[in-house]
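Here's the structure, in structure tokens; my notes come after.
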Amino acid sequence: MTIRTARSIRRLSQIVFFVLFFWLILKTNFDVNLTPDDTGHISLPYPVSIALEFDPLAAVGTLLATGTLYKGLLWSLTILIPTVFFGRFFCGWVCPMGTLNHWISEIPSERRSRRGKNKIQANRYKPYQKIKYYILLVMLAGALAGTLQTGLLDPLSLLARSIGTVVLPTLHAGAQGVTSWITSLGISPLSSLAEGTYSVLSAFLLPFRPMFFNTIVSLGLFFAIVLILNRVFTRFWCRGICPLGALLGLFSRWTIFGLEKRETNCDNCGLCAQHCQGGDNPEPGLRWHQAECHVCLNCQAACPRGSLKFTFFPKSDTASITNPPPVEAVDITRRKAVAATAAGLLMLPLLRSGASFAANPQPMAVRPPGSVGEADFLARCIRCGQCMRVCPNNALHPTLLETGIEGIWTPILIARIGYCEPTCTLCTQVCPTGAIEELTVTAKVGDESRPPMRIGTAFIDRGRCLPWAMATPCIVCEEWCPTSPKAIYLEELTVTDSRGKTVVVKRPYVDPNLCTGCGACEFACPVADRAAIRITSVGESRSRENQILLERRTAPRQHDHE
Amino acid sequence: MKRREFLGKTSKAVALAAVTGGTGLLFHNRQVHTRSGIVTQAADFQVEASGDWPQVVLAHNEDPTIALRMSLDGIGGIGRFVMKGEKVTVKPNVAWDRTPEQAANTSPILVGEIVTQCLAAGAARVIVTDVTCHDARRCFARSGIREAAEKAGAEVILPTESDFVDADLKGELLTEWPVLRAVMECDRLINVPIVKQHSLSGCTIGMKNLYGIIGGRRHRLHQQIDQSIVDLARFSKPTLVVVDATRVLLRNGPTGGSLADVATPNTVICATDQVAADARAVEFLDIPVERIGHIRLAEKSGLGTAHYRAAGYKELT
């Protein structure tokens with residue numbers, strides 16, 4: 001096999017993995033054609049969480065933070081172990097975020113600094129490439145202490161949440177807007193064309209109905225900055241920031257596969273450096289940085305004289321004073337590594353001494369059903385956004401500061417936008433790290449032997465409620481309450497309205513023994529902006545402290561039904 | 001400055017100024033684009049009353065299909081309601097993500113059988129649709145209605161934004177609301193409700209089931225629920241009402257969830273008078289019809305009679 005064929009296979013591999021990843025995120029969606037089996041348990045047709053389960057950073061991070069490797073995360077070994085032998089092939093061949101950065105970086109630039117001879121200089125190893133190792137150390141030390149922040153910068157999390165909660169919803173809204181604008185012009189062939197295009201698009205890419213996401217701009221801006229930086233520095237993210245790349249760099253210390261440089265017939269044309277992805281100095285005469293190389297094979301394929309060769313056990317006797325041997329270890333200093341680790345360890349007491357954790361339970365922190373306790377949750381969630389993407393009711397949203405800065409972009413339920421469907425367990429199925437533990441429908445709705453899974457409790461705002469404050473009949477919250485017996489009960493009362501007319505109203509009350517916090521009442525409440533009944537996290541099954549009642553009565557309450 | 005340069009520059013500047021000013025004048029005080037196309041016709045699909053047939057026919061049988069066939073034959077057979085080549089819309093109650101046993105939605109067996117009957121009568125197209133409360137895909141799947149209807153040959157529509165038209169309901173209370181296109185643009189409408197307790201309207205049977213033909217923020221309707229239901233029933237008059245009382249939900253309606261709330265009278269009612277249909281069916285809930293505000297109001301508004309026995313009533317077992 002020639003080196004050009006090998007490079008073509010690498011390009012194909014990048015396309016295949018990118019498409020596969022995108023497809024898996026696309027399929028993290030409630031499919032229309034599902035039919036329930038006898039148990040009434042609806043599950044996704046594809047194992048979509050595999051997109052994140054191959055992620056070694058998620059595996060190492062959650063392992064350090066929790067001491068266990070959750071379910072499918074064992075798959076990450078299929079990346080991590082070959083890395084030990086072959087180096088960071090993942091970055092050059094597999095990583096969909098790396099591929100995206102690759103493509104965007106290689107669109108010819110109008111910057112003089114990134115063209116011709118200047119590009120050779122720009123592609124040489126730079127000190128900023130060390131930053132990613134310190135970022136990794138801070139995060140892994142944080143994980144060891146108990147707060148998992150790797151997901152913020154993990155490329156697979158970053159891409160998954162950006163596609164799922166930014167790109168696809170934006171595309172949906174854009175497509176709808178363009179279609180309705182063209183249709184409004186009233187030119188019939190144009191309208192049919194637009195509507196046809198829209199149906200094709202929606203058949204392949206768009207969910208059943210438009211989705212809306214909390215703080216979408218913060219997520220979108222972050223993603224945009226990562227992409228735009230490629231136009232200033234080739235693969236800035238991969239070279240300088242990516243903690244997964246750094247982890248794989250650490251594991252590349254003793255690779256048996258590497259670059260062999262022969263300086264004898266090299267004429268210093270610089271083509272190798274011009275096409276280099278990792279910024280690892282493939283040119284003879286410079287020290288090759290083993291931990292920076294993405295094994296993309298571009299340098300060897302670009303070399304017109306055969307001076308470069310990727311091979312098993314590269315010969316070291318080609319080294320000379322003018323062709324120095326490679327740097328095998330990552331280029332970080334011990335002092336800074338210790339400092340970064342210390343900073344990471346300190347992150348936990350700093351964050352947990354803040355006001356939004358134990359001292360002050362956050363009412364907005366209504367976590368998805370099946371979520372583990374908040375401390376464990378923050379040790380597991382990698383912010384991949386798969387739970388938000390899959391939620392058929394658009395109920396789950398990324399936070400900004402609702403659960404403190406430690407919980408940025410973790411999922412919460414916003415019932416005004418969507419409530420938690422009692423028989424739905426999709427978010428629990430797709431979570432790759434067990435921040436949301438898998439539930440069966442029975443475990444969620446409960447039966448004679450166990451209580452239902454509770455995510456919070458509903459509270460009536462009597463100042464906004466129609467029967468309470470406005471002498472107007474309404475029972476919508478009670479109507480929607482899905483528990484049986486209902487957690488909302490009514491008291492009939494005759495009141496006088498402003499014109500002196502008597503009106504019979506039924507005032508709602510919440511029975512905290514029965515309420516599961518699903519939010520159907522808040523969702524359905526006819527008071528359109530801020531609902532007159534709202535859920536907060538108190539009473540959630542996962543917390544021992546965040547409770548109201550001393551004891552929950554499990555037997556049906558004694559009130560008469562209307 | 002050369003003359004050519006002067007002319008070139010000033011003419012471009014003047015042209016740009018003219019375009020800028022012209023644009024301002026052209027768009028000044030323009031009417032903001034208004035919504036167009038409010039449908040004003042009513043959804044009235046009734047057949048002519050006939051002295052040959054009773055208005056309400058009730059049939060009792062453990063097999064829902066047989067119960068339906070008996071009551072349908074008793075009121076004149078499907079051939080009286082559906083003609084060859086017609087487009088029929090079937091409107092069951094598929095509001096909630098519940099299984100058939102939980103009695104929150106219409107029986108899938110009945111929906112399937114009605115579709116079969118319509119197609120056998122020569123209907124060109126049968127649509128089964130409902131504006132659900134819970135996620136439509138879930139409701140249609142778990143209720144078994146999607147599967148049953150499609151197997152019988154119907155087209156199932158899970159409404160999205162483009163499936164509605166803005167209609168003027170011309171009610172005392174309800175005016176402009178988005179209404180299902182399938183209910184506006186059809187030849188026959190068959191309402192197939194289930195019988196359930198409801199804590200504000202007393203019961204959810206046929207007329208209340210019409211909530212499911214409109215979209216928008218319909219939870220506001222509860223503030224004057226009786227008038228809202230009557231406005232809908234005046235706007236939308238089905239060809240036939242098929243009441244599913246094979247199972248009825250006695251408590252914790254309209255969502256239910258527990259089998260302890262369900263009774264099984266094994267009964268199907270076919271009716272051409274939607275007020276009479278509800279008046280008969282509410283008896284399954286042990287609520288006197290006088291206590292149901294919307295049935296009383298509907299009768300008073302001349303939409304039908306609550307005294308179903310006088311209107312022509314037959315019971316088959």
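The values are calculated or read from the model by the stated rules, or taken from the named source; none is laboratory data. Computed from a prediction, not measured in an experiment: that's the story for all the values here. Counting neighbours? That spans all protein chains shown, and the Cβs are built from the backbone with ideal geometry, glycine included.
If we only count helices (runs of 4 or more DSSP H) wholly inside segment A:1-117, which ones have 1 or more residues that are more than 20 Å from the chain's Cα centre (by Cα)?
A:3-26, A:77-86, A:96-105
If you check A:Ser49 against the conditions, is it out of contact with any strand residue (DSSP E or B) (no Cβ under 6 Å at 6 or more places or on another chain), within 24 Å of A:Thr423 (Cβ to Cβ) and loosely packed, with under 15 Cβ neighbours inside 10 Å? No: the conditions fail for A:Ser49.
Taking segment B:121-164 as the range and being basic (Lys, Arg) and either outside any helix (DSSP H, G or I) or within 22 Å of B:Gly85 (Cα to Cα) (or both) as the test, the residues that pass are B:Arg125, B:Lys151.
Being in contact with a His (Cβ under 9 Å, 6 or more places away or on another chain) and part of a helix (DSSP H, G or I) is a description that applies to A:Gln129.
Could you grab me the full set of residues in segment A:400-431 that are charged (D, E, K, R) and away from every other protein chain (no Cβ under 14 Å)?
A:Glu402, A:Glu406
In segment A:77-90, the residues that are touching a residue at least 60 places away in the same chain (Cβ under 8 Å) form Cβ pairs under 9 Å with partners that are among the aliphatic types (A, V, I, L, M) and loosely packed, with under 14 Cβ neighbours inside 10 Å, at six or more places apart or across chains, as follows: A:Val84/A:Ile256; A:Phe85/A:Ile256; A:Phe86/A:Ile256.
When residues in segment A:87-119 are screened for being crowded, with 18+ Cβ neighbours inside 10 Å and either of a type in the set (Val, Ile, Thr) or more than 21 Å from A:Gly240 (Cα to Cα) (or both), 2 of them pass. Do we have A:Val32 as at pLDDT 95 or above and either farther than 26 Å from A:Cys272 by Cβ or not β-branched (Val, Ile, Thr) (or both) here? No: the conditions fail for A:Val32. Among the residues of segment A:471-509, the ones that are within 11 Å of another protein chain (Cβ to nearest Cβ) and either touching a Lys or Arg at 6+ places or on another chain (Cβ under 7 Å) or over 27 Å from A:Met364 (Cβ atoms) (or both) come to 13 in all. Determine whether segment B:214-225 contains at least one residue that is within 11 Å of chain A (Cβ to nearest Cβ) and among the polar types (S, T, N, Q). Scanning segment B:214-225 turns up at least one residue that is within 11 Å of chain A (Cβ to nearest Cβ) and among the polar types (S, T, N, Q). Counting only residues that are surrounded by 13 or more Cβ atoms within 10 Å (Cβ to Cβ) and either under 20 Å from B:Ile157 (Cβ atoms) or small (Gly, Ala, Ser) (or both), segment A:184-198 holds 4 of them. The condition (being assigned to a helix (DSSP H, G or I), within 29 Å of A:Ala65 (Cβ to Cβ) and β-branched (Val, Ile, Thr)) is satisfied by just one residue among A:Val178, A:Val166, A:Val200: A:Val166. Looking for something surrounded by fewer than 16 Cβ atoms within 10 Å (Cβ to Cβ), more than 26 Å from B:Gly79 (Cβ to Cβ), without any contact (Cβ under 8 Å) to a residue 60 or more places away in the chain and more than 14 Å from chain A (Cβ to nearest Cβ) - is there at least one such residue anywhere in segment B:160-181? Yes, that holds for at least one residue.
Condition check ((1) closer than 14 Å to B:Ala95 by Cα; (2) away from chain A (no Cβ under 13 Å); (3) among the β-branched types (Val, Ile, Thr)) across all residues:
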position	(1), (2), (3)
B:Ser107	yes, yes, no
B:Ile127	no, yes, yes
B:Arg142	yes, no, no
B:Glu147	no, no, no
B:Val195	yes, yes, yes
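With the requirement that a residue be within 12 Å of chain A (Cβ to nearest Cβ), in a helix (DSSP H, G or I) and aliphatic (A, V, I, L, M), what does segment B:253-284 give you?
Within segment B:253-284, the first condition is being within 12 Å of chain A (Cβ to nearest Cβ), and the residues that meet it are B:253-262.
With the extra rule that they be in a helix (DSSP H, G or I), the set shrinks to B:259-261.
Listed by number, the residues that qualify are B:Leu259, B:Ala260.
Take the residues in segment B:201-222 that are in a loop (DSSP other than H, G, I, E, B) and among the hydrophobic types (A, V, I, L, M, F, W, C), then tell me which one is nearest to the chain's Cα centre (by Cα). The qualifying residue nearest to the chain's Cα centre (by Cα) is B:Met207. Take the conditions (1) in a helix (DSSP H, G or I); (2) crowded, with 18+ Cβ neighbours inside 10 Å; (3) of a type in the set (Phe, Trp, Tyr); A:Phe213 misses just one of them, which is (1). Residue count for segment B:67-83 under the criterion of being basic (Lys, Arg) and more than 22 Å from the chain's Cα centre (by Cα): the result is 1. Give me the residue from segment A:510-541 that is crowded, with 22+ Cβ neighbours inside 10 Å, away from every other protein chain (no Cβ under 12 Å) and in contact with a Ser or Thr (Cβ under 7 Å, 6 or more places away or on another chain) and, out of that set, nearest to A:Ala487 (Cα to Cα). Filtering first and then ranking leaves A:Cys515. Filtering segment A:446-465 to residues that are on the phi < 0 side of the Ramachandran plot, modelled with pLDDT under 95 and either surrounded by fewer than 13 Cβ atoms within 10 Å (Cβ to Cβ) or within 14 Å of chain B (Cβ to nearest Cβ) (or both) leaves A:Asp447, A:Glu448, A:Ser449, A:Arg450, A:Pro452.
Restricting attention to segment A:296-327, the residues that are crowded, with 19+ Cβ neighbours inside 10 Å, more than 37 Å from the chain's Cα centre (by Cα) and aliphatic (A, V, I, L, M) total 1. Condition first: assigned to a loop (DSSP other than H, G, I, E, B), at negative phi and at pLDDT 90 or above. Can you find one or more residues in segment A:308-330 that meet it? Within segment A:308-330, none of the residues are assigned to a loop (DSSP other than H, G, I, E, B), at negative phi and at pLDDT 90 or above.
Listed here are the residues, each with its yes/no results for (1) modelled with pLDDT under 90; (2) over 30 Å from B:Ile157 (Cα atoms); (3) of a type in the set (A, V, I, L, M, F, W, C); (4) in contact with a helix residue (DSSP H, G or I) (Cβ under 6 Å, 6 or more places away or on another chain).
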| residue | (1), (2), (3), (4) |
| --- | --- |
| A:Asp37 | yes, no, no, no |
| A:Pro47 | yes, no, no, no |
| A:Ile81 | no, yes, yes, no |
| A:Cys91 | no, yes, yes, yes |
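If we scan segment A:173-188, do we find a residue that is within 30 Å of A:Asp331 (Cα to Cα) and either aromatic (Phe, Trp, Tyr) or in contact with a Ser or Thr (Cβ under 7 Å, 6 or more places away or on another chain) (or both)? Looking for residues that are within 30 Å of A:Asp331 (Cα to Cα) and either aromatic (Phe, Trp, Tyr) or in contact with a Ser or Thr (Cβ under 7 Å, 6 or more places away or on another chain) (or both), one finds none in segment A:173-188, hence no.
For segment A:261-275, does any single residue satisfy the condition of being of a type outside the set (Gly, Ala, Ser) and either crowded, with 24+ Cβ neighbours inside 10 Å or at pLDDT 95 or above (or both)? Can you show your working first?
Residues of segment A:261-275 of a type outside the set (Gly, Ala, Ser): A:261-269, A:271-272, A:274-275.
Those left that are additionally either crowded, with 24+ Cβ neighbours inside 10 Å or at pLDDT 95 or above (or both): A:261, A:272.
Yes.
Residue-level check: of (1) at pLDDT 95 or above; (2) in contact with an Asp or Glu (Cβ under 8 Å, 6 or more places away or on another chain), A:Pro411 misses just (2). Of all residues in segment B:95-105, those being out of contact with any Gly (no Cβ under 8 Å at 6 or more places or on another chain) and more than 10 Å from every other protein chain (Cβ to nearest Cβ) number 2.
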